Each structure stands twice: as structure tokens, then as C-alpha cells.
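Written out below as C-alpha cells is the structure these notes cover.
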Amino acid sequence: STEMQEVAAAYFDVMAEKYLIDASLQGKEIIVSGHSKGGNEAQYVYMAARHEEIIDKCISLDGPGFSEAAIEKFEEFYGK
């Protein structure tokens, strides 16, 4: 994880606790998105935030992927 990926996940979790969990329970669709580095951060949030279970969709526009080491860690945690 990079510092910015962790900051993005932490920010999402704060916003989730403040606004999004209730919205999700009310049937609202929760979408994370970003462009370029923000796209990578959106993908990271979708997989690693504490409240990732409320996210319905992730849209990444021209976001870079993840390193082989990161992919291995995600596969260990989530399975292939």
C-alpha cells in the first residue's frame, strides 16, 4: 500500500461512517471513482477499506494497476 492509497481508504471509511452506511441501508447506490492516480486509489478503496462491503461499483478511468506483490496480497486475502 502507498501512503495515498491508505489515506483514500481512511477518508472513505470516515465518510462511510458519517453518511454512506445509512445511505446504503436506504438502498442508495455507493460508487467510488477516480481518474489516473485517483482511479488506482478508487480501486484500492474498493478492495481494502474497512467499509468496502457497502460499495456497489468502482469506476477507474486510466488508473494504473497494482504491483505483483500487491496482487499476491489481495489474492491471499480474498482468494483468486
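The values are calculated or read from the model by the stated rules, or taken from the named source; none is laboratory data. Keep in mind that what you see is a predicted model, and the values were worked out from it rather than measured. So basically every Cβ, Gly included, is an ideal-geometry build from the backbone, and we count neighbours across all protein chains shown. Areas reflect the complete protein model, heavy atoms only, side chains present, ligands, DNA and RNA absent. Shrake-Rupley method; radii C 1.70, N 1.55, O 1.52, S 1.80 Å.
Look at (1) open to solvent by less than 40 Å² (accessible area, probe 1.4 Å); (2) hydrophobic (A, V, I, L, M, F, W, C); (3) touching a residue at least 12 places away in the same chain (Cβ under 8 Å) and you find that MET47 fails only one, number (1). Between ASP22, ASP62, the distinction of being among the acidic types (Asp, Glu), in contact with a Gly (Cβ under 8 Å, 6 or more places away or on another chain) and open to solvent by 40 Å² or more (accessible area, probe 1.4 Å) belongs to ASP62 only.
The lone criterion from (1) under 12 Å from the mean Cα position of the chain (by Cα); (2) open to solvent by less than 70 Å² (accessible area, probe 1.4 Å); (3) farther than 18 Å from PHE77 by Cα left unmet by MET15 is number (1).
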